């Protein structure tokens, strides 16, 4: 397709019976512009992830793994290519709002105080604020904003429940939780795969969408 787009720049529209479609040259030019816009989006996403990595090496590796788990779920649920690509972009960037969290909280080796935890909870809103004004990131920004909502409405920041929570956010929530459970932290050891799956299953229908949980579990079989 890229070769065709290049060749199309020398084509002139040929008078023909009206089909309601734009001239061939215009359509191929639009494809070139779409490809260029996509490349710019991916480049911007890569830069943002790198900025997070510089602040916190755990968050960078964590985001990569969450994207991998989200991809598993997307494949199992039969999501389309565009929706899957948007999801992977959002999953890779879901913690980018931690750029706005002070080092003494973000990099604290021990457990957070109640006030510190309340502050770090704002990272989902910080991430949304960063992405929502960037062209092409409007939909991923909503995943960032809502990936800590709970299926029963007890999450944050919007206390959304059920299918009012964007599907991408419901998927990232499961991948995020699984990686948090299975990763070693300075203040605790990670759980085994079996233990993490048991915990996520226990929280199905309350914290997590049961359909997403089922797809995640099925992806390991």
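The values are calculated or read from the model by the stated rules, or taken from the named source; none is laboratory data. It should be emphasised that the depicted structure is a prediction, and the values quoted were computed from it without experimental measurement. Here the Cβ is made from the backbone with ideal geometry for all residues, glycine too, and neighbour counts use every protein chain on show.
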Quiz item: For segment 90-109, how many residues are surrounded by 15 or more Cβ atoms within 10 Å (Cβ to Cβ) and either part of a loop (DSSP other than H, G, I, E, B) or in contact with a strand residue (DSSP E or B) (Cβ under 7 Å, 6 or more places away or on another chain) (or both)?
Solution: 4
Quiz item: Within segment 26-40, is there a residue that is touching a strand residue (DSSP E or B) at 6+ places or on another chain (Cβ under 9 Å) and at pLDDT 50 or above?
Solution: no
Self-check item: Among residues of segment 100-115, those that are under 17 Å from residue 188 (Cβ atoms) and free of Cβ contacts under 8 Å to residues at least 60 places away in the same chain, counted
Solution: 4
Practice problem: Six or more apart or on different chains, Cβ under 7 Å: which pairs go from a residue in segment 208-221 that's free of Cβ contacts under 8 Å to residues at least 24 places away in the same chain to one that's crowded, with 17+ Cβ neighbours inside 10 Å and assigned to a helix (DSSP H, G or I)? Could you list them? | Solution: 217/197
Exercise. Working only within segment 167-205, note down all residues that are part of a loop (DSSP other than H, G, I, E, B) and either without any contact (Cβ under 8 Å) to a residue 60 or more places away in the chain or farther than 21 Å from residue 92 by Cα (or both).
Key: 184, 186, 187, 189, 190, 191, 192, 203, 205
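Within segment 110-125, how many residues turn out to be assigned to a helix (DSSP H, G or I) and touching a helix residue (DSSP H, G or I) at 6+ places or on another chain (Cβ under 7 Å)?
Counting residues in segment 110-125 that are assigned to a helix (DSSP H, G or I) and touching a helix residue (DSSP H, G or I) at 6+ places or on another chain (Cβ under 7 Å) gives 6.
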Quiz item: Of the residues in segment 143-166, how many are assigned to a helix (DSSP H, G or I) and either free of Cβ contacts under 8 Å to residues at least 40 places away in the same chain or surrounded by fewer than 18 Cβ atoms within 10 Å (Cβ to Cβ) (or both)?
Solution: 5
